[in-house]
Amino acid sequence: MKKIKRSIFWFRRDLRLQDNRGLYEACKSSEGVIPVFIFDQNILTKLKNKKDRRVSFIYDSIDLLEKDIKKKGGRLLILAGDPCEIIPKLSKSLKVESVFTNEDYEDYATKRDSTIQKKLKTDEIQFIGFKDHVIFSGGEVLKKDGTPYRVFTPYKNEWLKQVSEEDIKDYNPNLKKLLITKPQGIKIVKAISDIGFEYEEYKTKAGEKEAKKLLSNFLKRIKDYDKNRDNISLNNNSHLSPYLRFGCISIRDLVRSSNKLKSDGAKVWLSELIWRDFYSMILDQFPHVEKSAFLPKYKNLKWSGKTDHFKLWKEGKTGYPIVDAAMRCFAQTGEMHNRLRMIVASFLVKDLIIDWKKGEQYFAQNLMDFELASNNGGWQWCASTGCDAQPYFRIFNPISQSDRFDPEGEFIKQWIPELKGYSKKYIHFPMKANEETQESANCIIGRDYPEPIVDHAKQREVALKLYKIAK
Ligand SMILES: Cc1cc2nc3c(=O)[nH]c(=O)nc-3n(C[C@H](O)[C@H](O)[C@H](O)COP(=O)(O)OP(=O)(O)OC[C@H]3O[C@@H](n4cnc5c(N)ncnc54)[C@H](O)[C@@H]3O)c2cc1C
């Protein structure tokens, strides 16, 4: 690439300085790089809740990024508005030759980027995107006949066969190239209120340094990941998903870290990272999944569930403690353990007979780590409508799942304190306890904690019939 005098690096889902491919390429090919972040109004106006923790998380990550850039002698331009207007205008006024960025594969983002690219072209400014968010993008890991995989294990095997040192290279940019600019007539964002939001507290800390800290702590316990990953009360997994979502850490960094270790835990964890690429590939190669079932035969399932049951599910008042504890924790934190996501999703779809798309949407609005591809993949897996999904006749029993993965009921008691008086024997289904036991537990079912809103055994039959008819 010929030497460029001045370029813009546009941060999007890559809020970090270390191992950032697009930023590395910008610094390598340019004499000076202007770092820019835009709060995209087209995305933000769709968020109805103006106290959204994810916005606070991004806001804090940007703030930390800006401080780090300052230490290196540059200045991050933090702007708000429509990138299709801002990027071309800014590029012209700052007289840059190129705009560098990292690729974003979601439908809205690809359309936005192609509009920007066309506009920039009229001013002879290049728009250059790099792969950074995944190890392999949509069409890179294909079957021998050139078609996309539909089953995870062969995809994973091919992924492992293809991955080379080049794919997981550490791209450390020359940050001395970062510039300070003061463009005229463009409003800089100085407070979260400038983008129409109020600050909402969240549990974790934001930013690149925190992500690195979480990773290094997790690597100390990764060897037992294969054994512990489903243990809900231990909740000992990496907790890196929001950082991956907003790019506070590089996926290559995670793959390099797990590759250095030989334990079964590290192997299983790598497999989870490959699931992330797999779902990203599915969304890219089968874009219809965003709106409907991957499997056409399950496109028109007749959902007979009740609206008030959906409300009770969201509020954590179904009478199934593990479901309720998970949903209450989710409402308060935006976080949920993977096993719990599977349990509550299965319960919504196969116990309450409610369309998985409603659950997917509720998760999308509230998940701290919301990622369209993984969320859609996860929901379709649980609803048995997806590729390589759980077969429709495998229906999670919320009581035995609870007994297996939260055996002492610690997680339940943390989020449903009214059940604290119940022993291990009844905590998973207190409805079974007789009057005397309920009294001594200080929690009467139907008065202090809801009775089950459905009978799992009966609903199981309803679900089986629903899927059989569709077949
Ligand atoms: C219904 C449902 C919805 C989900 N929605 C999302 C979502 O919106 N965003 C999201 O990142 N994950 C989603 N997942 C996957 C998974 O639950 C989370 O990635 C995981 O709980 C994050 O915790 P962690 O970072 O501690 O994961 P770890 O167990 O430490 O795994 C490391 C990383 O691997 C990836 N990963 C792990 N499991 C999966 C998986 N099943 N599918 C795809 N990637 C995976 C994540 O990036 C995760 O951060 C969903 C799963 C289900 C069943």
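Proximity of backbone amide H atoms, modeled 1.01 Å from N, is registered between Leu142 and no other residue at under 5 Å, excluding neighbours fewer than 5 places apart on the same chain.
Taken about its Cα centre, the stretch 1-132 carries a charge dipole of roughly 260 debye when the Cβ of each Lys and Arg holds +1 and the Cβ of each Asp and Glu holds -1. Comparing Tyr24, Pro35, Phe11 along the charge dipole axis of the stretch 11-54, the residue lying farthest to the positive side is Phe11, per the Cβ-charge model.
Quick one: ranking Met281, Met431 by accessible area, 1.4 Å probe, largest first, what do you get?
Highest to lowest solvent-accessible surface, that is Met431, Met281.
The residues packed around Tyr171, meaning those with a beta-carbon under 15 Å from its beta-carbon, carry a net charge of -3 if Lys and Arg are +1 and Asp and Glu are -1. The Rg/Rh ratio of the stretch 296-470, with Rg taken over Cα atoms and Rh as the Kirkwood radius over Cα pairs, comes to 0.97. Neighbours of Ser29 by Cβ distance under 13 Å: Lys/Arg scored +1, Asp/Glu scored -1, total +4.
Excluding ligands, DNA and RNA, the accessible surface per residue across the stretch 296-470 is 44 Å² with a 1.4 Å probe.
Rounded to the nearest 10 degrees, the angle from helix 372-382 to the longest Cα principal axis of the chain is 20 degrees.
Taking the charge dipole of the stretch 427-471 about its Cα centre, with +1 at Lys and Arg Cβ atoms and -1 at Asp and Glu Cβ atoms, the residue from Ala470, His456, Ile445 reaching farthest to the positive side is Ala470. Computed over protein heavy atoms with a 1.4 Å probe, the accessible surface of the stretch 186-277 works out to 47 Å² per residue.
Among beta bridges identified by DSSP and lying wholly in the chain, the antiparallel ones come to about 5 percent. Principal axis analysis of the Cα atoms in the chain yields extents of 79, 51, 43 Å, listed in decreasing size. For the stretch 49-204, count all C-alpha to C-alpha pairs, find those more than 26 Å apart, and express that count as a whole percent of the total. Of the Cα pairs, 46 percent sit more than 26 Å apart. Annotation: aspartates and glutamates with alpha-carbon distance below 17 angstrom to Lys72 (same-chain offsets under eight excluded): Asp19, Glu31, Asp63, Glu208.
The C-alpha atoms of the chain define a longest principal axis, and helix 53-71 lies at about 30 degrees to it.
Accessible surface of Ser114, taken over heavy atoms with a 1.4 Å probe and every protein chain present, rounds to 50 Å². Qualifying GluC sites (Glu not before Pro) in the stretch 198-255, where qualification requires a DSSP coil assignment and no more than 13 other C-beta atoms within 10 Å, comprise Glu198, Glu201.
Between Lys213 and Lys260, the modelled labels are 2.0 nm apart [label points 7 Å from Cα along Cα→Cβ].
In terms of the Cα gyration tensor, with a ≥ b ≥ c the square roots of its eigenvalues, is the stretch 1-132 rounded because a/c is under 1.5, prolate because a/b exceeds b/c, or oblate?
oblate
In the stretch 367-464, the portion of solvent-accessible area held by carbon and sulfur atoms comes to 48 percent [1.4 Å probe, whole percent, DNA, RNA and ligands not counted]. Could you tell me the calculated FRET efficiency between Thr122 and Lys203, based on Cβ-Cβ distance and R0 = 45 angstrom, to the nearest 0.05? It comes out at approximately 0.45. Loop-located trypsin sites (Lys or Arg not before Pro) in the stretch 214-315 (DSSP state other than H, G, I, E, B) with a sparse environment of at most 14 neighbouring Cβ atoms within 10 Å: Lys260, Lys262, Lys291, Lys299, Lys302, Lys306. Rounded to the nearest 20 debye, the dipole size of the stretch 269-371 about its Cα centre is 520 debye, using +1 on the Cβ of Lys and Arg and -1 on the Cβ of Asp and Glu. Counting only DSSP H runs of at least 4 residues, each contributing -39500 (n - 2.57), and dividing by the residue count of the chain, the helix-based mean residue ellipticity at 222 nm comes to -13500 deg cm²/dmol. Counting other Cβ atoms within 10 Å, which GluC sites (Glu not before Pro) in the stretch 80-141 have at most 10 and lie in a DSSP loop? Within the stretch 80-141, the qualifying GluC sites (Glu not before Pro) (loop, at most 10 other Cβ atoms within 10 Å) are Glu124.
Taken about its Cα centre, the chain carries a charge dipole of about 1020 debye when Lys and Arg each add +1 at the Cβ and Asp and Glu each add -1 at the Cβ.
Farthest towards the positive end of the charge dipole of the chain, among the residues Phe294, Val134, Gln414, is the Cα of Val134, using unit charges on the Cβ of Lys, Arg, Asp and Glu.
Stretching the chain fully between Arg221 and Glu166 yields a gain of 17.0 nm (0.36 nm per residue, less the alpha carbon separation). What is the distance in Å between the Cα centroid of the stretch 296-322 and that of the stretch 1-35? Answer, in whole Å: 46. Helix 456-470 and the longest principal axis of the C-alpha atoms of the chain enclose an angle of approximately 60°.
Of the accessible area of the stretch 73-232, with the probe set at 1.4 angstrom, what percent is carbon plus sulfur?
Solvent-exposed carbon and sulfur of the stretch 73-232 make up 51 percent of the total.
If you take all other residues with their beta carbon under 14 Å from the beta carbon of Leu214, and give Lys and Arg +1 and Asp and Glu -1, the sum is +4. Excluding same-chain neighbours fewer than eight residues apart, the lysines reachable from Lys432 by a Cα-Cα span under 26 Å are Lys306, Lys311, Lys314, Lys317, Lys350, Lys413, Lys420, Lys424, Lys458.
The values are calculated or read from the model by the stated rules, or taken from the named source; none is laboratory data. Because the structure is predicted, anything quoted here is derived from the model rather than measured. Heads up, the Cβs are rebuilt from the backbone with ideal geometry, glycines too, and the neighbour counts pull from every protein chain shown. With ligands, DNA and RNA removed, areas are computed over all heavy atoms of the protein, side chains included. Shrake-Rupley method; radii C 1.70, N 1.55, O 1.52, S 1.80 Å.
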